[in-house]
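> Once you've had a glance at the structure underneath, I'll fire off some questions.
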Amino acid sequence: MPSVAATHTLPRGNFSIHKMNPAPHHPGQLAVPCTIMRGGTSKGVFFMAHDLPADETLRERVLLAAMGSPDPRQIDGLGGADTLTSKIVIIAKSSRGDADIDYTFGQVGIDLPYVSYSANCGNLSAAVGVYAIQNGLIPAQEPLTTVRIYNTNTRQVLVSRVPVAGGRVAIDGDCAIAGVPGTGAEIQLDFARTRGASTGRLLPSGRVIDELVVPELGKTIAVSIVDVAKATVFFHAADLGIDGSESPGQFTPEILDRFWAVRNAAARLVGLSPESRLPHPVSVAAPRNYTNYMTGETVPAAGISFVARRVGGPPPRLHKAFAATGAVCTAVAALLPGTVVHQVARRSGDDVVRIGHPTGVFPVRVRLAADGEILEAAYSRTARRILDGMVYVPA
């Protein structure tokens, strides 16, 4: 698969090559400073922009080698052989007046050699503010430090509010995230300013419902294509012959191919390139009981607005949790009258949309103005630093 790295502008930074020299005690290898962080249900390797080479081809080779790609096990690098852990983040101090930090997200191919900068990762976005404060890029302020983050992937600004105690980022807390063991300090992220992140329009086709011809399915299905934080195409689970509450183990290659066929047809409809991997396909269905595939416990229908299953790729894979940017888009779609999501969503007495995904529930707080303006599209995550050090890549 061709890389999309060459078409992407990374954060402004004082790129240097000095850290790319062979490591003195490790002949034949280059030492690159990095940090491993968990953000929400994702884990990624963070780099400062000035520690990576400016040459795009060399930079991609370094990142692929650091993650151990291409290899289904990523055995020779830091990747975890899962889309949720094969991710990189590049950080720089921002020169923009409306942002503190420039942040680039890269999805690294596992068994294919690519680094895709086509979209943002909402889970790792939670770790960006933590990283910025801990690395001294912005001062810590109690009790919450507001970090304005310019995401270069979508060219939009998101806001992170990071808890601080005793002059340091707070780690301990009682915020629980489905798909993450234990609890941590609550980090609040607001994506209200990310309308049209991928296409420039809330409704890329100009309609809340499209009758989409999907040749591989041999039929036309009703879809809603919505673009907030990350362009997404929504459809009824039943139209793909599934219940909508299946676990990852029940998603056969045939089912995954059906999702990808819808994605490809929707991309053609709104003019998105195949390399963009967008819009991400999401099936939805009315609330129902299902089993959390990680814990074996029942997720009750009474506690969710609807069930949803989201596929990423390539190759197509079911997300075992739910991408945070995808959750933002899904929650907004649930409030837009006439969309596929709105049709199946149970209304709540508050402003929270509760998405039932394979490992639990993802709540998103959404408020829309009468004219459709997004006033709030926020969720809570936890994040923490796992490791600081050097990653060694072949010279």
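The values are calculated or read from the model by the stated rules, or taken from the named source; none is laboratory data. All values reported here derive from a predicted model rather than from experimental measurement. Neighbour counts are summed over all protein chains in view; Cβ atoms, including those assigned to glycine, are modelled from backbone coordinates with ideal geometry.
> Mind checking which residues of the stretch 273-301 are part of a strand (DSSP E or B) and either aliphatic (A, V, I, L, M) or closer than 16 Å to Arg258 by Cα (or both)?
His280, Pro281, Val282, Ser283, Val284, Ala285, Val299
Quick grid of which residues meet (1) within 22 Å of Glu373 (Cα to Cα); (2) of a type outside the set (Val, Ile, Thr); (3) not assigned by TED's automatic domain parsing to the domain that holds Gly244:
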residue: Tyr290; (1), (2), (3): no, yes, no
residue: Gly296; (1), (2), (3): no, yes, no
residue: Val299; (1), (2), (3): no, no, no
residue: Val307; (1), (2), (3): no, no, no
residue: Arg310; (1), (2), (3): no, yes, no
residue: Leu318; (1), (2), (3): no, yes, no
residue: Gly338; (1), (2), (3): yes, yes, no
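> Same structure, new question: Of the residues that make up the stretch 243-252, is at least one crowded, with 21+ Cβ neighbours inside 10 Å, assigned by TED's automatic domain parsing to the domain that holds His342, under 30 Å from Val159 (Cβ atoms) and in contact (Cβ under 8 Å) with a residue 24 or more places away in the chain?
Within the stretch 243-252 (the criterion being crowded, with 21+ Cβ neighbours inside 10 Å, assigned by TED's automatic domain parsing to the domain that holds His342, under 30 Å from Val159 (Cβ atoms) and in contact (Cβ under 8 Å) with a residue 24 or more places away in the chain), the answer is no, since none of the residues qualifies.
> Among what's in the stretch 98-115 and is of a type in the set (Gly, Ala, Ser) and part of a loop (DSSP other than H, G, I, E, B), pick the residue that is modelled with the lowest pLDDT. Steps first, please.
The initial filter retains those residues of the stretch 98-115 that are of a type in the set (Gly, Ala, Ser), namely 99, 106, 109.
Checking the rest, the ones that are also part of a loop (DSSP other than H, G, I, E, B) come to 99, 109.
On the way: Ala99: 98, Gly109: 95.
In this case the residue turns out to be Gly109.
> Would you point out which residue out of Ser69, Ser86, Ser118 is of a type in the set (Gly, Ala, Ser) and modelled with pLDDT under 95? Before you say what the answer is, go through the steps one by one.
Values: Ser69 fails: modelled with pLDDT under 95; Ser86 fails: modelled with pLDDT under 95.
Selected residue: Ser118, the only one of Ser69, Ser86, Ser118 that is of a type in the set (Gly, Ala, Ser) and modelled with pLDDT under 95.
> Answer yes if at least one residue in the stretch 72-93 is charged (D, E, K, R), within 22 Å of Arg38 (Cβ to Cβ), not in a loop (DSSP other than H, G, I, E, B) and not assigned by TED's automatic domain parsing to the domain that holds His319, and no otherwise.
Yes: one or more hits.
> Report whether or not Ala331 is among the small types (Gly, Ala, Ser), closer than 16 Å to Lys230 by Cα and without any contact (Cβ under 8 Å) to a residue 60 or more places away in the chain.
Judged against the criteria, Ala331 is a match.
> Quick one: which residue in Ala170, Ala165 is in the same structural domain as Thr104 (by TED's automatic domain parsing) and crowded, with 17+ Cβ neighbours inside 10 Å?
Ala170
> A further question follows. Could you list, in sequence order, the residues of the stretch 61-99 that are farther than 19 Å from Gly122 by Cα, among the small types (Gly, Ala, Ser) and touching a helix residue (DSSP H, G or I) at 6+ places or on another chain (Cβ under 8 Å)?
Gly77
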